[in-house]
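All remarks here apply to the structure that follows.
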């Protein structure tokens, strides 16, 4: 179902034009982000993170056209765009690469599309809801010239996406319907927008960018954002949830999984100590992340794939760089042998690609199914970093600017102590909507 609206000049962030749009009612689910964009001013600029995630279609330059238009429409906004899309990485693989790529980046807005089975597709959306406060845009497949069976599957997938969008309160952009209408109204064939049987040519990229851009609207009549995307609240130091201890530290009682500090403009920055529920933040495993590993490289069918889809850990890691090196096998029954070494931890054990690996320190865990290729040769190396999702310093900020203190905590009630408490005028608290998904 769509609603026909006349969008008047000014609603589109100051653009001096009006256009007749078909606007999906699900646009209500991106209104928190759109309000941030529309309310931004040069004196009080908004800072908004936008993540594009998917596979080769999402890696194409239509996303650059979306970025360009958003920057033009909202010139005062401090955008952070990120596009770690992986060509050929269907949903069963992307559900694993999302662990390093998506949730630790904690976007304000996620624009998502991937091919493959719908169960892992839904799992990505569910985890995004549980672990972030991101508003989510899903878009359906465009029209390709692949075999008829694939076209029928895409029609079926569109219905599945609509159901997921309904149950998880995501915006759904029906690219498939728009594509069909464009081809019919302009007397064109599907191939006119493609460079092969599925990837977009320049005209196809322009059309997909238009399909997305024309629905990124601030519509006050739809509210200021749905609570189902989680709640982002801002409080000052006068809140009953905040107290100052005799030594000058600030103690915050909050419910959520992320806290930002809002600067008062008085500090030039400096070291911070953070304690969550009485323990140093660095001791919590969930307040750390492992970045994407380096790629398979030359000699593999998909050399751009991360060598390992997801590296995990059982114990809180350190900020360091890890190297995995494949060794000569003494036997072949267990697959290629490897060793891992951390730049701080040092040598941390050996394992085989066919078996679950837990390093001696517990700072590296690799599941056998997370290897992008088990046919790695002796001498193959891949590297990755582990990094904190908690702050060790408060940067020098202007009044009203913010910086992340911690994110990734178990979503619930906590007590955070920040020492010293100087240079802070308040906090922004993120509470994901980890329950209440519709059936």
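Some points to look at:
- Any hit, the stretch 367-376, residues being part of a loop (DSSP other than H, G, I, E, B), under 24 Å from residue 131 (Cβ atoms) and not assigned by TED's automatic domain parsing to the domain that holds residue 100: yes
- Candidates 43, 99, 119, 80, filtered to the one that is over 20 Å from residue 173 (Cβ atoms), part of a strand (DSSP E or B) and either modelled with pLDDT of 95 or more or not assigned by TED's automatic domain parsing to the domain that holds residue 409 (or both): 80
- Conditions (1) within 16 Å of residue 163 (Cβ to Cβ); (2) within 14 Å of the chain's Cα centre (by Cα); (3) free of Cβ contacts under 8 Å to residues at least 40 places away in the same chain; number of the one not met by residue 95: (1)
- Any chance residue 365 is buried (at least 17 other Cβ atoms within 10 Å of the Cβ) and more than 29 Å from the chain's Cα centre (by Cα): no
- Only one of the listed residues (80, 43) is out of contact with any strand residue (DSSP E or B) (no Cβ under 7 Å at 6 or more places or on another chain) and surrounded by fewer than 17 Cβ atoms within 10 Å (Cβ to Cβ). That residue is 43.
- Verdict on residue 298 being part of a loop (DSSP other than H, G, I, E, B), surrounded by fewer than 20 Cβ atoms within 10 Å (Cβ to Cβ) and under 25 Å from the mean Cα position of the chain (by Cα): no
- Tally, over the stretch 402-422, of residues that are surrounded by 17 or more Cβ atoms within 10 Å (Cβ to Cβ) and more than 14 Å from residue 263 (Cα to Cα): 8
- Consider the stretch 386-401 and keep the residues that are in a strand (DSSP E or B) and surrounded by fewer than 18 Cβ atoms within 10 Å (Cβ to Cβ). The one that is farthest from the chain's Cα centre (by Cα) is 393.
- The condition (being touching a strand residue (DSSP E or B) at 6+ places or on another chain (Cβ under 7 Å) and assigned to a loop (DSSP other than H, G, I, E, B)) is satisfied by just one residue among 293, 350: 293.
The values are calculated or read from the model by the stated rules, or taken from the named source; none is laboratory data. Note that the structure is predicted; figures quoted are calculated from it, not measured. No Cβ is skipped: glycine too gets one built from the backbone with ideal geometry, and neighbour counts run over all protein chains shown.
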